[in-house]
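Data block below; observations after.
The values are calculated or read from the model by the stated rules, or taken from the named source; none is laboratory data. All values reported here derive from a predicted model rather than from experimental measurement. Counting neighbours? That spans all protein chains shown, and the Cβs are built from the backbone with ideal geometry, glycine included.
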Amino acid sequence: MGKTTPRNSKWMRTYNRSLILRLIRLHQPVSRVELAKATNLTKPTISNIVNELKEEGLVNERELGVSSGGRRPIMLELAASDRFVIGIDATQRKLHGVVTNIHGELLDEAWHDERFDTNEEFIDAIVTLYIQLAGKTSGDVIGLGVSVHGMVEAGAGVVLFAPRFHLHDIPLKRELEARLKQHVFVENDVRTLALGELYFGEAIGIDEFFYVYAGYGIGGAYVHGGELIDGEHHIAGEIGHMRIMLEGPICSCGNRGCLEAVAGERAILNEARELYDLTLDGMRDAVGTNPDVQKLYERAGEYVGIATLNMIHLLNPSRILLGGPLFNYAPQVVTNIQERVAQTALTMDARQTDIRVVPWNANHGALGAAALITNQLFGEIQ
Ligand SMILES: [Zn+2]
């Protein structure tokens with residue numbers, strides 16, 4: 001034993017490279033000495049990797065650090081000026097795309113809303129939007145991330161089922177890579193939202209949390225060890241289809257009484273429409289002023305609270321992030337969830353689980369899609 005095969009050493013090198021990029025991203029500006037201390041890697045190893053990252057234009061050097069008398073140490077930071085990432089949010093019929101730098105800063109955006117009815121037309125729409133976005137950059141695009149609602153086999157980049165579009169079995173990664181000559185990664189929308197928080201949002205610097213999305217639909221994602229947990233059959237974290245009511249309404253998945261069917265905004269809207277003539281936007285506006293609508297949201301919040309408590313007991317995450325319109329249009333829902341957990345979680349420590357709302361805006365979907373590429377850059381170990 002103890003042999004180092006070429007494959008092992010390549011793996012180790014990829015691992016060290018990801019680790020160093022991650023540390024620079026989290027702690028920049030940072031010196032080589034600090035990197036060596038944080039990683040226990042030798043100085044020559046650090047230097048080799050840093051040189052490689054500099055050559056690839058990913059890392060810059062500058063003189064900045066304070067020094068005790070001697071010369072100022074050279075600090076390292078991410079270079080973001082001429083590397084771009086494109087993210088496309090394909091969760092609604094109107095596709096939304098963004099250009100970001102590798103820090104995830106939004107630089108430009110565009111939309112595409114021509115109708116698509118077949119897999120080919122859907123792929124054409126993404127290609128058109130990508131070309132439009134790439135035309136807005138002044139340097140290299142290093143990859144395209146696409147987030148799609150529904151069931152996605154992320155490794156193969158195949159959309160198994162996108163119910164909102166009535167499309168299934170779309171070989172998105174293969175087709176887009178062939179046409180765009182670009183690295184393409186495809187993921188489920190809620191999972192990309194969680195990645196976005198890991199890289200640019202409320203989970204920077206922590207590598208373990210559970211993300212609950214609640215809007216028209218409900219979904220979840222579990223990040224552990226800085227990676228999205230996929231599960232054997234790609235459904236880990238699907239809190240929206242946790243069955244929560246024995247004889248509840250029928251869900252989009254065909255089962256009865258799923259959390260989404262009971263507490264998603266589609267379910268709330270169905271109930272609200274028995275009382276008032278409302279659109280989804282109209283209902284969201286009415287939460288603050290109409291006690292009937294407010295009650296419906298609060299009841300939905302109770303169910304989401306129960307499901308969240310179940311996830312705490314199942315996974316015991318250090319942080320819960322609540323993202324999506326339900327939490328932002330009805331802030332009292334968040335208070336209900338926090339109180340439920342604070343009063344009824346199994347142990348005193350679990351009762352203090354850090355539960356926070358992700359401030360919601362319409363860019364989150366596409367920024368999360370861009371994070372799929374950042375994830376490859378900083379996180380992938382293979
Ligand atoms: Zn369901």
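Which residues, taken from the stretch 301-341, are small (Gly, Ala, Ser) and part of a helix (DSSP H, G or I)?
If the condition is that a residue be small (Gly, Ala, Ser) and part of a helix (DSSP H, G or I), then GLY301, GLY305, ALA307 are the ones that fit.
Only one of these is in contact with a Gly (Cβ under 6 Å, 6 or more places away or on another chain), within 29 Å of GLN294 (Cα to Cα), touching a residue at least 12 places away in the same chain (Cβ under 8 Å) and of a type in the set (Phe, Trp, Tyr): TYR276, TYR213, TYR222. Name it.
Exactly one of TYR276, TYR213, TYR222 is in contact with a Gly (Cβ under 6 Å, 6 or more places away or on another chain), within 29 Å of GLN294 (Cα to Cα), touching a residue at least 12 places away in the same chain (Cβ under 8 Å) and of a type in the set (Phe, Trp, Tyr), namely TYR213.
Look through ASP207, ASP230, ASP281 and report the one residue that is more than 16 Å from the ligand (Cβ to nearest atom) and either at pLDDT 95 or above or assigned to a helix (DSSP H, G or I) (or both).
Unique residue meeting the criteria: ASP281.
Is it fair to say GLU114 is exposed (fewer than 15 other Cβ atoms within 10 Å of the Cβ), within 23 Å of ALA194 (Cα to Cα) and acidic (Asp, Glu)?
no
Mind listing whichever residues of the stretch 178-191 are buried (at least 16 other Cβ atoms within 10 Å of the Cβ) and not polar (S, T, N, Q)?
Within the stretch 178-191, LEU180, HIS183, VAL184, PHE185, VAL186, GLU187, ASP189, VAL190, ARG191 qualify.
Go through the stretch 172-210 and count every residue that is more than 19 Å from VAL98 (Cα to Cα) and in contact (Cβ under 8 Å) with a residue 40 or more places away in the chain.
Qualifying residue count, the stretch 172-210: 10.
Quick check: is even one residue across the stretch 185-193 assigned to a strand (DSSP E or B), of a type in the set (Phe, Trp, Tyr), within 15 Å of the ligand (Cβ to nearest atom) and in the same structural domain as PHE122 (by TED's automatic domain parsing)?
Within the stretch 185-193, none of the residues are assigned to a strand (DSSP E or B), of a type in the set (Phe, Trp, Tyr), within 15 Å of the ligand (Cβ to nearest atom) and in the same structural domain as PHE122 (by TED's automatic domain parsing).
Which residue pairs have Cβ atoms under 6 Å apart, sit 6 or more places apart or on different chains, and have a first residue in the stretch 103-125 that is free of Cβ contacts under 8 Å to residues at least 40 places away in the same chain and a second that is aromatic (Phe, Trp, Tyr) and not in a strand (DSSP E or B)?
Close Cβ pairs satisfying both conditions: ALA125/PHE116.
Quick one: in the stretch 130-166, of everything that is of a type in the set (S, T, N, Q) and surrounded by fewer than 21 Cβ atoms within 10 Å (Cβ to Cβ), which residue is farthest from GLU187 (Cα to Cα)?
Here the answer is SER138.
Check ALA194 against each of (1) buried (at least 19 other Cβ atoms within 10 Å of the Cβ); (2) touching a helix residue (DSSP H, G or I) at 6+ places or on another chain (Cβ under 7 Å); (3) at pLDDT 90 or above and name the one condition it does not meet.
For ALA194, the exception is condition (2).
List, please: which pairs have Cβ atoms under 6 Å, are six or more places apart or on different chains, and start with a residue in the stretch 237-258 that is without any contact (Cβ under 8 Å) to a residue 12 or more places away in the chain and under 20 Å from LEU269 (Cβ atoms) and end with one that is more than 8 Å from the ligand (Cβ to nearest atom) and not charged (D, E, K, R)?
none
Report yes if LEU269 is part of a helix (DSSP H, G or I) and either within 14 Å of ILE306 (Cβ to Cβ) or among the aliphatic types (A, V, I, L, M) (or both), otherwise no.
For LEU269, the condition - part of a helix (DSSP H, G or I) and either within 14 Å of ILE306 (Cβ to Cβ) or among the aliphatic types (A, V, I, L, M) (or both) - is met.
For PRO29, state whether it is modelled with pLDDT of 85 or more, touching a Gly at 6+ places or on another chain (Cβ under 8 Å) and not assigned by TED's automatic domain parsing to the domain that holds VAL141.
yes
Specify the residue that is farthest from LEU315 (Cα to Cα); the eligible residues are those in the stretch 234-273 that are among the acidic types (Asp, Glu) and within 11 Å of the ligand (Cβ to nearest atom).
Across the stretch 234-273, the extreme among qualifying residues is GLU260.
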